[in-house]
1. Take the range 452-470 and flag every residue that is crowded, with 17+ Cβ neighbours inside 10 Å and not in a strand (DSSP E or B).
2. May I ask you to verify whether residue 67 is modelled with pLDDT of 85 or more and farther than 30 Å from residue 399 by Cβ?
3. Can you pull out the helices (runs of 4 or more DSSP H) entirely within the range 606-670 that have at least 3 residues that are within 23 Å of residue 572 (Cα to Cα) and at pLDDT 90 or above?
4. Looking at the range 235-247, is at least one residue closer than 25 Å to residue 34 by Cβ and at pLDDT 70 or above?
5. Could you list, in sequence order, the residues of the range 405-417 that are within 23 Å of the chain's Cα centre (by Cα) and crowded, with 20+ Cβ neighbours inside 10 Å?
6. Quick check on residue 600: is it surrounded by fewer than 20 Cβ atoms within 10 Å (Cβ to Cβ), at pLDDT 90 or above and closer than 25 Å to residue 82 by Cα?
7. Taking the conditions exactly as written (within 20 Å of residue 641 (Cα to Cα) and without any contact (Cβ under 8 Å) to a residue 60 or more places away in the chain), does residue 717 satisfy them or not?
8. Does the range 22-31 contain at least one residue that is at pLDDT below 85, in contact with a helix residue (DSSP H, G or I) (Cβ under 6 Å, 6 or more places away or on another chain), surrounded by fewer than 21 Cβ atoms within 10 Å (Cβ to Cβ) and not in a helix (DSSP H, G or I)?
């Protein structure tokens, strides 16, 4: 400030020499007014700068909330409340990346569907994430629910004060990927303006300020010692939400005081003349330069051109300020570039993300329409059974697999190609070409890269994937958008996964109908299981020796009000493919055990046979569930029998043996169903603790022609292993007689009774 001091000294000396006859009163007034106007402009600029900084925070929160709100996965969760959605999409790492403390999903009626908090927001020093079941009782939750209930705008950012703490939050309506509704509620992301974050904002603003929600009137008050300025901050919908208050010392106080003292020593007239001269000189040498600097800074802030730099003014001290401002702009520019990269790339793999893919898809399609390129092809990949890797080896192993697959995809891609990670275990590759691409060759190349074993901790992890492919050329629908192309690739990928895993499929329009019907069937199946709307039918199993009733086999029947009767083979297959089979099996077992308890009141020796999927049998808590049902319904030892097909023998034998043994210790007996049609061998059959063997009905037709070799061999083998035999599908008296000759223990089939609904079964049992 040496140059500024020398200029001030020159101005003061000249003023004293020229202003001997000027009165102090007018000079005092002119100087004070000028200083206050300058300080008022400076205070207003400071408030504007802080307000813009806070507006950017609100806009950022709104955009973050929108990224999760306009998403099919979130849209579906509001209908299904699938907990896997929370696990996969709201982790501590995501909260850290987004710099948020809490996340809410709020239904249209104001009820909170999900409330997640960073643990340290609930208990100082805690780590991880916390799901709050009774979130509505928390002050923050109540305020957020009340606040957002009044918003009619689809997207908004605002500020809220709860218990003396300030929060900024972003709100966005929950819609599908293409922005359609109706809205299923709102996503709310919240960031508490704690001391650390406020200090960071003050550092960015280069100013000390405070925020209050008291709705103070806008004003700039310049006192003798300090300048207090207040500006009302508006949210993204234009509503006042907070007041920005800046309380700072008067920047020109010392100069004002010095000038007053000098002028007061002179006569009134001289002081007036000196004050005028000082004002003119100071305005020319200092104020104009400062005003130029301020206008240049304001123009940069107004247009948001952080790449622009302040020019030199010619004053040493003013130019030093310009240099510092330019340095700050350089840092902001670097931060902006970094944020831009993070916004379009996946943090785990370094590949592009969904946002980048959508942008590039749009560019590629525009290039196809203009003829710049001939084609583009999109390969959408989803790793098959990736959850098993996480479950068996941990999430670190899963992350390692993701990074290795990402690296391989990057190596497969040419320079103009684009490899992205869409999220979770889903990847995509965008290929531009002038000639029609050989999709078969490209898909096999991608599968070869993906399916090479990934080494983790000395273990070779097998990885498979399903690929959906979509190709665009000049003949493609001109109205298509990036979401359409991604959706078509997803449909093809889904169809490939359902058809045969570790394969690929090119999109064609018929797939939309097929996938739509399949997804409808999955939704209806899930609803059926939840509502337990399937019917429990039963078919008698009789003792061969005296035709007395031994047991009832449970047969699940599904009669849909619109689709009609769904064959068990069809809905059980879908249940196994969609991991719904465990829920279905448990629903049938729970209702059947209750039915058995009632039936045994009139038939105390009655047994119950229930089919169980191999997937259910391998669940670690299945034995505990069976024990609970036995105790709840007072079912004695041996009364409950579980049927498994031969396919169970193709699974993990050690785990299977462990679970079967645990259930048998509860008094449950096991039988193998449809023997002779599956995977079994005598050695494996002997290794499992089974009590009964069921001959498949397809072998009984030979008995009518006098061919009994197969049935005889099966019965003798079963008896040698201390297993009793049930023959199902008995339809003729000849079959019954031959089974008696072969010493079969139990029989079942249409010759005696068809499967019966509860009313028919009641009438049948009255005969016994």
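1. 463
2. The answer is no for residue 67.
3. 622-633
4. Scanning the range 235-247 turns up at least one residue that is closer than 25 Å to residue 34 by Cβ and at pLDDT 70 or above.
5. Across the range 405-417, the qualifying residue is only 405.
6. So residue 600 does not fit the description; no.
7. Criteria not met by residue 717.
8. Checked the range 22-31: at least one residue is at pLDDT below 85, in contact with a helix residue (DSSP H, G or I) (Cβ under 6 Å, 6 or more places away or on another chain), surrounded by fewer than 21 Cβ atoms within 10 Å (Cβ to Cβ) and not in a helix (DSSP H, G or I).
The values are calculated or read from the model by the stated rules, or taken from the named source; none is laboratory data. Model, not experiment: these values are computed from the prediction. Every residue, glycine among them, receives a Cβ derived from its backbone with ideal geometry; neighbour counts consider all protein chains shown.
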